[in-house]
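The structure under discussion appears below in the form of structure tokens.
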Amino acid sequence: MELRELSHRLLQLHAKLIIALIVVGVLGGLALHVNDEPQYQAKARLVLGAEDPQDLATAAALADTARGIVTGPQLVGKAIKQVGVPRDAETVAAAIDVNQIGSSGVLSLAIEDRDRQVAVKLANALASAVVSTRIDLLENGLAASVRNLDQQAASVGGQIQKLNTRIEALAAASAPNRATAQLGQLEARRTSLEAEATQIAVQRNALVAQQGQRPETTVTDKAVSAAPVHGRRLLDALLGGMLGLVLGIAVAALREAFRPSLVGGPAIARAVDAPLLGEMSGTPDSWTRAALPDSGTYVERAADSANVDEVRFGVLDSSGRRAARVRMLEGPLHRMRFHQTSDAPQPGPVTGTPAKGRPVPTSDADASDVPTRTGLVVAIPRVLKVADIDALTNFMWLSGWRLLGVIVYRSSPGWKSSAWPGPERRSSQDGARGEHVEVDA
């Protein structure tokens, strides 16, 4: 199956269904935000007193630290109490967002609220709370480290003092030669403890110096205004429309799978295994010979190729809820007969039989005695269910006629008839065959 034919079947035949589902999807996306209140976002910038990050990963880790601090229930509750507004702590925490600005140590704290002024106040209160908490953490950490080092220094100092006491006691003993080896061990131990005490003092001094060199933890830019937030209304409407499109195509494909359709002349001609003689507009009962594709040339050629005496015109009626059926046209064009012309061998005066050629009736009485080979040209709607072709197949079996071809039609204003490409048109007077076409009206 060609891709173009498949697209015609899905998109043209089921266009209303697909469009309806798209509209439903768009309306569904918009319905999610019917009760939404306008939201405003305020932003503040701050630094957390850390060294400038060397890469994006370090900056992101710093932002995660700030996010973990600012979304804490106690800190959020204190900020709400400070602003003095009736807000739920969990709702406010969910509206907070912290991001790094590039790979720098500057962070952007944003919060959304339905009130402009409340958003600004909450942003500033939360930024100040984060800075205060960060300072406390840094100072507490530094103080704890200094206290730990002071405790280690005191412990080492006590051990050194004990060693000095023992060394003085051994040096004053009556037998110094016997205590010489023990004194050497004690003095070596004292030297090791003194080196450890010196290292602890160096570490403590480095921590104290680092405290003065650390970048300041502060709010660099307070929030002064809040900008409106567009939200997800447009995005959800777009997603709903796309979901409706996918669902519509899926439903159309399912319907076509259970009851496939044919669209267009080429597809119908292939399905009925007959040539496409042309495409027409309007109701078949109103057609005339002059309105046929190329004024009936292709119908005549099909009759000539099948060697039939008579061409009947029918229509495959598949409209309505009734089963499809083939009915014969009753309008201006319902039958075409072929008779020999004057330049062809004429029938004898008595028997009515031509000297050569096939029998041609000379009157309606004689016509009943001459067997007629009949061909059928059937008009078929441009859109047809595959199952409706069975009606045409059954009709051909029962009638015994030859199916000469099909003419595809649709009743649509402005639809121009077009003939199927073929050889050059011949005139209605065919000398080689000696026939003349008559149209019964």
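For this structure, a couple of remarks:
- The heavy atoms of VAL386 offer some 60 square angstrom of accessible surface to a 1.4 angstrom probe.
- For the range 64-70, backbone phi angles converted through the Karplus equation (6.51, -1.76, 1.60; θ = phi - 60°) give residue-by-residue couplings of 5, 4, 5, 5, x, 6, 6 Hz, Gly and Pro being listed as x.
- Amide H contacts under 5 Å for GLN39, placed H, 5+ residues apart: VAL229
- Summarising the amide proton neighbourhood of THR218: residues at separation of 5 or more, or on other chains, whose placed amide H is nearer than 5 Å comprise VAL47, GLY49.
- Under the Karplus curve 6.51 cos²θ - 1.76 cosθ + 1.60, θ = phi - 60°, whole-Hz ³J(HN,Hα) for the range 275-291, x wherever Gly or Pro sits: x, 8, 8, x, 10, 10, 10, x, 6, x, 5, 9, 6, 10, 4, 5, 8
- Only protein heavy atoms count here; under a 1.4 Å probe, LYS43 has an accessible surface of about 120 Å².
- Accessible surface for the range 244-326, divided over its residues, is 45 Å² per residue with a 1.4 Å probe.
- A 1.4 Å probe run over the range 1-140, with the rest of the protein chains in place, finds 56 Å² accessible per residue.
- Accessible carbon and sulfur surface of the range 255-317 relative to its total accessible area, %, 1.4 Å: 47 percent
- With every protein chain in place, the range 78-162: carbon and sulfur % of accessible area (1.4 Å): 49 percent
The values are calculated or read from the model by the stated rules, or taken from the named source; none is laboratory data. As the structure is a computational prediction, the values presented were derived from the model and not from experiment. These area figures cover heavy atoms from the full protein model, side chains too; ligands, DNA and RNA do not enter into them. Shrake-Rupley method; radii C 1.70, N 1.55, O 1.52, S 1.80 Å.
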